[in-house]
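Engineer: Provided herewith is a single structure, encoded as structure tokens, for subsequent inquiry.
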Amino acid sequence: MATGNQSNRVLVTGANGFIGRHLCGEMLRQGWRVRAAVRSSISSLDGMEVAVIDGIDGDTDWTNALRGVDVVIHLAARVHVMKDDVADPLASFLKVNLHGTENLAQQAAHAGTKRFVYVSSIKVNGEETRNQHSYTAQDFPAPQSPYGISKWQAEQALWRIAKESGLQVVTIRPPLVYGPGVKGNFYSLLAALEKGVPLPLAGARNIRSLVYVGNLVSVLIACTTHPAASGQTYLVCDGENMSTASLVKKLSAALGRSNRLFYFPETLLRFAAAAVGRADQIDKLFGVLRVNDAKLRNDLGWTPPYTLEQGLSATAAWYHQNVKQYILAAKDLPTETHDRQK
């Protein structure tokens, strides 16, 4: 595979998602020809081809999207949610994450695509680490959630297709990804800190690995062309682990706010959370999840271009701007519309 990028066309699925927007923007800046596979046309990034795909499953037709494509970076997935109200969560995850991925890879191999970079999840390794252990790429997978199981089965399908077709497959398993545009629990934490909400997390001495979206993007781009990446599974992180309490302190400082941490016994928090069906959230706040990405760094000669402090600062700056724009937009709403949103 060529090491240059200007002659290569890459298809990015989930291009209008959190990671996808950062990835496409950086690849465009580097001179890649980017084709975005999305569910609806987007115009936020100039110079990008767009392939509109109605949905992703085992029957999706990727013919037009894959035409002339050298590399696929597959981000699109049915993502993990705290409360899944579908009747059969595993079947729903498998429909998109397994059958959709397998179908795309098979069509990519048939179309002559050289490399397939798959963004999996650290949940393939498991939910948490114990006894000072850190997850590595060599660990035997132990997914527990329907989401993690679907990602693991997708990885297995990709290795089977690679063996049968010669398609070069690279799998990346990131932990929690944060950065400008982040959603979910990380966004909720930003909002709570901005508002000065007291948080009972002073006793959280757990250790967790995170990855800044800019660092993940750097890895994904490296994996599109690096000869050593073909056929490999990699874990990735910022390389600076921290407790939830430390994260709150660093984020508060980045936001220019005083942290309002206070101590509350973990056992009582877990009891209260279980009573209202929020036990998973406490597991995330107090659980331990260490990631060792030495294999990635050694194979590719990669080091994170951004420090954790830089990542948190960029995230906080985006949040401030995001809140400012929201407030300005709300002020411009007609009175009756504004009242309906209360």
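Engineer: Specify the residue that is surrounded by the fewest Cβ atoms within 10 Å (Cβ to Cβ); the eligible residues are those in region 288-309 that are in a helix (DSSP H, G or I) and touching a helix residue (DSSP H, G or I) at 6+ places or on another chain (Cβ under 8 Å).
Structural biologist: As a first pass, look at region 288-309 and keep what is in a helix (DSSP H, G or I): 294-300, 308-309.
Of the ones still in play, those that are also touching a helix residue (DSSP H, G or I) at 6+ places or on another chain (Cβ under 8 Å) are 296, 299-300, 308-309.
Values: 296: 23, 299: 17, 300: 18, 308: 21, 309: 14.
Checked region 288-309; the qualifying residue surrounded by the fewest Cβ atoms within 10 Å (Cβ to Cβ) is 309.
Engineer: If we keep just the residues of region 122-161 that are over 17 Å from residue 92 (Cα atoms) and among the polar types (S, T, N, Q), which is surrounded by the fewest Cβ atoms within 10 Å (Cβ to Cβ)?
Structural biologist: 131
Engineer: While we're here: Which pairs turn up if I take residues in region 294-312 that are within 11 Å of residue 234 (Cα to Cα) and look for partners that are among the aliphatic types (A, V, I, L, M) with beta carbon separation below 6 Å, at least 6 apart in sequence or on another chain?
Structural biologist: Hits for this filter: 295/137; 296/236; 299/228; 300/222.
Engineer: Oh, and also: Would region 253-262 turn up any residue that is among the aromatic types (Phe, Trp, Tyr), more than 17 Å from residue 169 (Cα to Cα), in contact (Cβ under 8 Å) with a residue 24 or more places away in the chain and surrounded by fewer than 17 Cβ atoms within 10 Å (Cβ to Cβ)?
Structural biologist: The answer is yes, given that some residue of region 253-262 is among the aromatic types (Phe, Trp, Tyr), more than 17 Å from residue 169 (Cα to Cα), in contact (Cβ under 8 Å) with a residue 24 or more places away in the chain and surrounded by fewer than 17 Cβ atoms within 10 Å (Cβ to Cβ).
Engineer: Any residue at all in region 161-172 that is assigned to a helix (DSSP H, G or I), closer than 30 Å to residue 314 by Cβ, of a type in the set (Ser, Thr, Tyr) and out of contact with any strand residue (DSSP E or B) (no Cβ under 6 Å at 6 or more places or on another chain)?
Structural biologist: No.
Engineer: Would you say residue 94 is assigned to a helix (DSSP H, G or I), in contact with a helix residue (DSSP H, G or I) (Cβ under 7 Å, 6 or more places away or on another chain) and not basic (Lys, Arg)?
Structural biologist: Against the criterion (assigned to a helix (DSSP H, G or I), in contact with a helix residue (DSSP H, G or I) (Cβ under 7 Å, 6 or more places away or on another chain) and not basic (Lys, Arg)), residue 94 qualifies.
Engineer: For residue 103, are the conditions met, namely being closer than 19 Å to residue 55 by Cα and not in a strand (DSSP E or B)?
Structural biologist: Yes; evaluated as a whole, the condition is true for this residue.
Engineer: What's the total number of residues in region 190-244 that are surrounded by fewer than 19 Cβ atoms within 10 Å (Cβ to Cβ), among the acidic types (Asp, Glu) and modelled with pLDDT of 95 or more?
Structural biologist: 0
The values are calculated or read from the model by the stated rules, or taken from the named source; none is laboratory data. Computed from a predicted model, the values in this text were never measured in an experiment. FYI the Cβ positions are ideal-geometry reconstructions off the backbone, even for glycines, and counts take in every protein chain you see.
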